[in-house]
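Let me begin by presenting the structure, written as structure tokens, before commenting on it.
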Amino acid sequence: MNCRIPFQVWVLVPLLFLSRSGYTQDTARKISLDEAIGLSIKNSKSLRAAHARVAQAAASLTIARQNQLPDLKVSGSYLRLTQPNINMYSKTGSGGAPAQPVEINQAAYAMANLSLPVFSGLRVQYGIRSSEYLEKAAVLDADRDREAVILNAIEAFSNLYKARANERVILENLAQSRSRDVDFANLEKNGLLARNDKLKALLQTANIELALADVENNMKLATVNMNIMLGLPEETRLVPDSSSLVKPDDVKSLVDYEQLALQNRKDMQAIEYRKKASQTGIKTAKADYFPSLALTSGYIAADIPNFITITNALTFGVGLSYNVASLWKTNAHVTEAKARLAEVQANEEALNEDIRRQVNQAYQALMTANKKIEVTQVSIEQGKENYKIVKNKYDNNLLTVTDLLDANVLMLQSQISYEVAKADALVAYNALLERAGILASTRNIK
């Protein structure tokens with residue numbers, strides 16, 4: 001039998017999608033899943049960006065509301081003039097004398113205009129309504145991003161747990177393998193064991209040591225990544241609390257999760273508000289067909305020495321404006337707004353289908369993960385029992401060293417598979433909750 005055992009294949013940990021953490025032998029910090037989630041939310045850069053987008057949407061709403069307020073414009077100027085040619089068309093000056101030329105070398109004026117919009121085709125009201133919808137959509141997008149951050153923290157926690165569990169199991173097996181090497185070396189000295197059998201055992205020990213080196217490297221990288229994600233010092237050695245890996249007992253049916261997703265997914269709710277904003281956008285575009293009406297008031301003051309002085313010139317009235325070109329230009333804007341609405345509606349239908357696919361995939365992944373737990377639980381006992389039987393037969397010279405080593409590898413593989421299955425089930429369950437849009441509420445995260 002070939003004694004080269006590709007042990008690394010059995011201990012590779014799926015750490016390709018980790019986010020960040022830190023590792024050192026100097027400090028150790030036991031961390032629960034809830035604590036990891038809380039820190040990830042607090043230090044998430046993507047959530048900061050989402051909150052900034054919410055602030056932008058709120059500012060846009062404020063701007064839209066301010067369009068209802070009056071506009072007050074103030075202007076003034078002081079001018080120095082050259083010697084202009086000014087002809088005053090009067091026949092005579094005072095006392096019948098001819099009019100004298102007027103010398104003007106400076107001028108000053110000030111104006112203030114107040115305008116209060118009264119009617120503009122409801123353009124202002126539609127703008128406010130559209131901004132309200134977009135602000136609500138931005139808030140829902142931030143909530144959706146928050147659920148993604150929570151799931152990312154759970155996945156990172158799970159991967160770190162799997163890496164440490166693999167390390168623990170491999171270290172235990174390595175200790176047993178080295179102890180067996182010592183026993184085999186003594187047996188060889190006494191002529192009770194062939195040298196070839198001892199070399200097979202040493203080769204398996206070497207393979208275990210290589211696998212341990214890979215797992216330790218993966219664990220260090222996982223810890224560094226997770227520490228960065230949680231905002232902890234990179235040298236912190238994280239120890240995931242295994243009590244957080246609780247198998248869920250309240251799994252609903254697939255249909256229930258699909259309905260929950262359609263009701264609770266934040267991106268589904270957000271696109272509904274964007275659809276309303278697009279519908280309002282059509283009305284805003286059509287508002288260009290109507291004239292604008294505003295109340296106006298003003299004040300004018302001017303001083304041109306030797307020529308004219310104006311003070312306390314108040315004006316008030318009603319201003320009406322209409323862009324005749326809107327009769328043939330507005331139709332294009334309305335068509336554009338309708339196209340945006342059609343795009344949002346198509347995106348809504350696509351999202352509906354995508355949500356159903358996501359929920360189905362997550363549900364099947366959870367069923368598979370739970371099945372793996374059941375299988376690996378049985379395989380652990382079977383592996384231990386098989387090793388005892390093989391060990392007993394080997395001690396009675398009924399089996400070879402290769403048989404004994406193979407049995408030991410199978411036992412180790414079952415132990416690692418069980419730890420991985422537990423962690424995968426945790427991720428699969430929370431991924432299903434995230435796809436259904438109820439991850440934060442289920443975990444009571446505010």
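Worth pointing out:
- Helix axis angle, 123-189 relative to the chain longest principal axis, alpha carbon, degrees: 20
- Rounded to whole Å, sorted largest first: equivalent-ellipsoid semi-axes of the range 96-237, Cα gyration tensor: 87, 23, 10
- Whole-percent P(r), the range 320-444, all Cα pairs, 5 Å bins from 0: 2, 10, 10, 9, 9, 8, 7, 7, 6, 6, 5, 4, 3, 3, 2, 2, 2, 1, 1, 1, 0, 0.
- Extension gain (nm, one decimal) between residue 328 and residue 350, 0.36 nm per residue minus Cα-Cα: 4.4 nm
- If the Kirkwood radius is taken over C-alpha pairs of the chain, then at 20 °C and 1.002 mPa s the Stokes-Einstein diffusion coefficient equals 73 µm²/s.
- Gain on full extension, evaluated as 0.36 nm per residue between residue 318 and residue 81 minus their Cα-Cα distance, stands at 81.8 nm.
- The H on the amide N of residue 239, modeled in the peptide plane, is under 5 Å from the matching H of 29, 30, 31, each at least 5 residues off or on a different chain.
- Gap separating the Cα centres of the range 58-84 and the range 303-350, nearest whole Å: 16
- Greater than 29 Å apart at Cα, pairs in 266/338; 200/372; 162/393; 30/266: 200/372; 162/393; 30/266
- Farthest toward positive dipole pole in the chain [+1 Lys/Arg, -1 Asp/Glu at C-beta], among 207, 156, 305: 305
- Cβ-derived FRET efficiency at R0 51 Å, residue 300 paired with residue 252, nearest 0.05: 0.10
- Simple rule: put +1 on each Lys or Arg Cβ and -1 on each Asp or Glu Cβ in the range 365-446, find the dipole, and look at 412, 429, 386; the Cα lying farthest toward the positive end is 429.
- In Hz, Karplus ³J(HN,Hα) per residue of the range 212-223 (6.51, -1.76, 1.60; θ = phi - 60°; x = Gly, Pro): 4, 4, 5, 5, 5, 5, 4, 5, 4, 5, 4, 5
- Over the residues of the chain, the helix contribution to mean residue ellipticity at 222 nm works out to -22500 deg cm²/dmol, using -39500 (n - 2.57) for each DSSP H run of at least 4.
- The string of couplings for the range 298-315 from the Karplus curve (6.51, -1.76, 1.60, θ = phi - 60°) is x, 9, 10, 9, 8, 9, 10, x, 6, 10, 7, 9, 10, 9, 6, 8, 9, 10 Hz, one whole number per residue in order, with x for Gly and Pro.
- Overall size of the range 173-292 from C-alpha positions, given as principal axis extents largest first: 108, 39, 28 Å.
- Farthest towards the positive end of the charge dipole of the chain, among the residues 244, 131, 223, is the Cα of 131, using unit charges on the Cβ of Lys, Arg, Asp and Glu.
- Between residue 437 and any residue 5 or more places off or on another chain, the built amide H atoms are never under 5 Å apart.
- Residue separation of residue 71 and residue 216 scaled by 0.36 nm, minus their Cα-Cα distance, works out to 45.4 nm of gained length.
- C-alpha long axis of helix 401-435 to longest principal axis of the chain, angle in °: 20
- Counting only Cβ charges, +1 for Lys and Arg and -1 for Asp and Glu, the dipole size of the chain around its Cα centre is about 780 debye.
Throughout, read-outs are computed from the coordinates displayed, never taken from laboratory work. Nothing here was measured: the structure is a model prediction, and the numbers come from that model. When we count neighbours, we look across all protein chains shown, and the Cβ atoms used for this are built from the backbone with ideal geometry, even at glycine.
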